[in-house]
Amino acid sequence: MFRLTIKELAARKLRLLTTAFAVLLGVAFMAGTIVFTDTIGATFDSVLAEANEGVDAYVRTPSEIDLGYGEPGPRLDASLIDTVASADGVDQAALRINGYAQLVGLDGNPVGDLAKSPAFGSNWVDVDELNPYELASGHAPASGDEIVIDKASADKAGYHVGDIATVLTKSEPQQFTIAGIATFAGEDSPAGATAVLFTDATATELLAEPGQADAIAVTADPGVSQDAATAAIQAAVGNDVEVITGATLIAQDQAALAADIKAFSVIMLVFAFVAVFVGAFIINNTFSITVAQRTRDMAMLRAIGASGRQVKRSVLTEALVVGVLASAAGLVAGIGVASGLRVLMSVFGFEMPNGPMVISSQAMILSFAVGVGITVLSAWLPARRAARIAPIAALREVNVDRSASSTKRAVVGTVITGGGIAALVAGLQGELALVGLGALATFVGVAVLSPVLARPVAKLFGLPLRARGLAGELATRNAMRNPKRTARTAASLMIGVALVGFITVFAASAKSSLAGSLETEFTGTHIVETGGYDNSVGLSPDLADELRVTPGVDVVTQARTSPAVVDGSATDFFSAFDATTVDEVFKLGSVEGSLDSLGADGIAVSAEEAATKGWTLGSTVPATFPGGDTTFVVEAIYSGSTDWVGAMFVDLAALRANGGDDLDYRVYVAGE
């Protein structure tokens, strides 16, 4: 039987080409996605490790919540560097001062896209071992009006050493002389971001607050381990700050950056799963048609002594051979997919550091196993049907398809489809996992029901075709004669159309929802924003001050965000507004209490959130910010504009009191 199976494969190569191609695509997408994400992770890990290679100990104020890579945390007293430098085992120490600084190009437009990568501002560290930047040309900033920029930004904007450049910070725009151009850990930019480097004094003024720094980096004396240096520094500075080893710093930075790119990896794997899922339908369809076409051949084998198990094994062997060959080809194609994804990311403006492609054995084994497994499992039901073919079938001219009248199929398909639709409807209330589960169940349910529906649907849609003559009549009858074959053929097309429809409807719905809430809830005339995606960038508060005195402007409301944990729920975008004017640019509906009384310790919550949490005016709400814990008092409860102001917000003074940066996420304007 094995030799017969191999001969069947050799004789019908073109018939199984679609099956092999479906397997190849699924495996290639999965392998390419895993290789690409592994490569990104390993490349960024290497860059971050090299950037902090010389750090033996790191002193910082502990953050009460987890922060993303590059997000600002609570600062420490810069004078602490004297205590750190005098601790046992310390060779050299240097301040680290970080914040928002964006370079403006010669054309007057900001360099880089904040929606894709942040804009870092830092101080130039004079200790070479502690400085992740290395000069490619020019010299370090020697005065307050000099800066160093990253090489990628210089190349993109056309800047050279000696040019005058404008820089945006939390202060008003200022002009600086470009003293030098630097690389970051051997790369042209820090993980695709832009970088502007100042002297310590200028960085303190523009990026932080007077007398403050983000951290202190330390090199240890020769022969002193990182652990020993860390322990000695911790003993010297006390417990108000934390001291970690350089190895711990690298690991934490790598973990934070990995968390930032995890969402992209999940999205890519979802598309890989969809490709495999569609492939499973195609594989099942191909083998089902194959079994139907070879009914008499298999019946003849049964008649001359072959057992049902042998026939079943023959079909599964075909599937195994196709799965192995196509999956192997898919692994090779997957490497090409990974390379293509890297090029595609660059085309869309997401710059990736240079580095070798990471092809792990786990990725190859997993993708290969999924490809072979899906192929064999998809051929299992057709193989079972083949095993049940009776020898007498060799005498029949046709194989009658009775699936259209199967009561069991109709009941099972209806139940699965109904459950899928119910999960979809429930998921639309905000549970994304239920949406995915419901969509999958609906696909499977419709696939089960398809043979039952295929005959009446084909008859209905065949009516206009029959009117066009004999060809339409034959096509309609052929589709009705074998409803299971018709249903299987349509299944893959059904999934493709459904996916395109989902993406189109989702995009249109999101756009319509945003536009609708903008028209009904926003009463202002303009919105100014940076396009940034995290809390490391923003608009200078000076902009809002200038807008307030601009002729034609009636109301200006600043909005800021911060990561926080409020009443046990973590969020990356806890909002703060100018509470005295927020109700002049948004329709907050009926407001119980007073927004003007929020101050530094008050909070406004939506009526829905208050009902869910059981809050009333005067209730206390515990919150944790990077700088520590606090407690807010509910001073106002509003009923509208939750799409824009969120389920709760505080005044700008409250965010400032809890260590928030003076950078505006957005500025809302009402005027002529």
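The values are calculated or read from the model by the stated rules, or taken from the named source; none is laboratory data. Just so we're clear, the structure is a prediction, and the values are computed from it rather than from any experiment. Cβ coordinates were reconstructed from backbone atoms using ideal geometry, including for glycine residues, and neighbour counts include every protein chain displayed. What goes into the accessible areas is simple: the full protein's heavy atoms, side chains included, and nothing from ligands, DNA or RNA. Shrake-Rupley method; radii C 1.70, N 1.55, O 1.52, S 1.80 Å.
Residues within the reach of a label modelled at V411 (point 7 angstrom out along Cα to beta-carbon, backbone nitrogen below 16 Å), restricted to region 440-464, are 449. The mean sequence distance of close C-alpha pairs (under 8 Å, at least 6 residues apart), as a share of the length of the chain, puts its relative contact order at 17 percent.
Going by accessible surface with a 1.4 Å probe and the largest first, H160, H526 read H160, H526. Separation of the alpha carbons by more than 28 angstrom is noted, of K587/K613; K170/K613; K262/K587, for K170/K613; K262/K587. Full extension of the chain segment joining Q175 with D545 gains 131.2 nm, where the gain is 0.36 nm per residue of separation less the Cα-Cα distance. Our note on the geometry: Cα centres of region 208-255 and region 311-349, 47 Å apart. For V555, what charge total do you get from the other residues with a beta carbon under 11 Å from its beta carbon, if Lys and Arg give +1 and Asp and Glu give -1? So the surrounding residues net to -3. Its alpha carbons considered, the chain gives a radius of gyration followed by a Dmax of 32.3, 98 Å. Solvent-accessible surface of region 528-643, taken per residue with a 1.4 Å probe and all protein chains present: 42 Å².
The modelled label-to-label distance for the pair H160/D91, using points 7 Å beyond Cα in the direction of Cβ, is 3.8 nm. When the chain is described by a simple charge dipole with +1 on each Lys and Arg Cβ and -1 on each Asp and Glu Cβ, the residue from G238, T630, G340 located farthest towards its positive end is G340. Estimated purely from DSSP H runs of n ≥ 4, each contributing -39500 (n - 2.57), the mean residue ellipticity at 222 nm for the chain is -16500 deg cm²/dmol once divided by its residues. Scattering from region 545-672 was approximated by placing one identical point on each alpha carbon and applying the Debye formula without solvent; log10 I(q)/I(0) at 0.15 1/Å stands at -0.65.
Each peptide among 649-662, 209-222 gets the average number of other Cβ atoms lying within 10 Å of its residues, and from highest to lowest they stand as 649-662, 209-222.
Rounded to the nearest angstrom and listed largest first, the equivalent-ellipsoid semi-axes of region 82-178 from its Cα gyration tensor are 28, 15, 13. Expressed as a whole percent, the accessible area of the chain that falls on carbon and sulfur atoms is 60 (1.4 Å probe). Simple spin-label estimate for E53 and E584 gives 5.6 nm between the two label positions (7 Å along the Cα-to-Cβ direction from each Cα). The listed peptides 91-102, 237-248, 20-31, ordered by packing as a protection proxy, come out as 20-31, 91-102, 237-248 (highest mean of other Cβ atoms within 10 Å first). For region 140-276, a Kirkwood hydrodynamic radius built from all Cα pairs, placed in the Stokes-Einstein relation at 10 °C and 1.306 mPa s, yields a translational diffusion coefficient of 86 µm²/s.
Between I304 and T616, the modelled labels are 8.9 nm apart [label points 7 Å from Cα along Cα→Cβ]. From most to least packed by mean Cβ count within 10 Å, the peptides 438-451, 610-623 give 438-451, 610-623.
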